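Before any comments, here is the structure.
Nothing in this text is a laboratory measurement; each read-out follows from the coordinates by a stated rule. Quick caveat: nothing in here was measured; it's all calculated off a predicted structure. Don't worry about glycine lacking a Cβ; one is built from the backbone with ideal geometry, like all the others, and counts go over all protein chains shown.
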């Protein structure tokens with residue numbers, strides 16, 4: 001089902017718009033490669049925690065978490081992303097419960113943490129008090145760890161704090 005949604009003309013239009021907006025961006029991009037990396041990490045983290053429907057929910061969250069940047073690049077992309085997800089997922093018959101969980105995670109995924117704290121969270125298979133907060137936290141961690149700061153040409157001028165930047169490929173740590 002999610003693959004049909006990702007082939008929807010409206011979704012693809014947003015991807016194309018994002019690619020156009022970021023064509024000259026020197027920092028990390030919000031493209032299909034980024035979404036795929038987030039999905040891979042999120043899928044591993046959710047599966048390790050025994051979360052139900054981890055593959056389906058991981059893929060949906062990963063491919064929608066930054067899509068709102070196409071409409072609200074410098075604004076609140078989380079809200080634009082979750083609003084678009086709520087509409088599109090509803091049209092494809094995704095349950096209200098799943099949509100609410102997906103949109104909550106998207107709405108609350110932003111913000112960076114110290115990368116070593118992220119790995120501590122992963123290594124100790126930690127969870128939050130509630131299911132929604134756990135999904136939001138592992139989406140945030142997946143989003144952050146998907147970045148290759150250690151080989152980025154813009155690393156020296158990036159606005160991220162040194163402790164927030166990745167210093168290795170995530171696959172070396174969590175696979």
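How many of the residues in the range 21-39 are touching a helix residue (DSSP H, G or I) at 6+ places or on another chain (Cβ under 9 Å) and not in a loop (DSSP other than H, G, I, E, B)?
Residues that pass the stated criteria total 8.
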Matching residues in the range 111-143 - criterion: being free of Cβ contacts under 8 Å to residues at least 60 places away in the same chain and more than 29 Å from residue 96 (Cβ to Cβ) | 112, 113, 114, 115, 116, 117, 118, 119, 120, 121, 123, 124
Residue 105: without any contact (Cβ under 8 Å) to a residue 40 or more places away in the chain, buried (at least 17 other Cβ atoms within 10 Å of the Cβ) and not in a loop (DSSP other than H, G, I, E, B), yes or no?
-> no
Considering every residue within the range 40-57, establish whether at least one is in a loop (DSSP other than H, G, I, E, B), surrounded by fewer than 21 Cβ atoms within 10 Å (Cβ to Cβ) and free of Cβ contacts under 8 Å to residues at least 24 places away in the same chain.
-> yes
Specify which of the listed residues (129, 117) is out of contact with any helix residue (DSSP H, G or I) (no Cβ under 6 Å at 6 or more places or on another chain) and part of a helix (DSSP H, G or I).
-> 117
Test residue 147 against the stated conditions and say whether it is in contact (Cβ under 8 Å) with a residue 12 or more places away in the chain and out of contact with any strand residue (DSSP E or B) (no Cβ under 7 Å at 6 or more places or on another chain).
-> yes
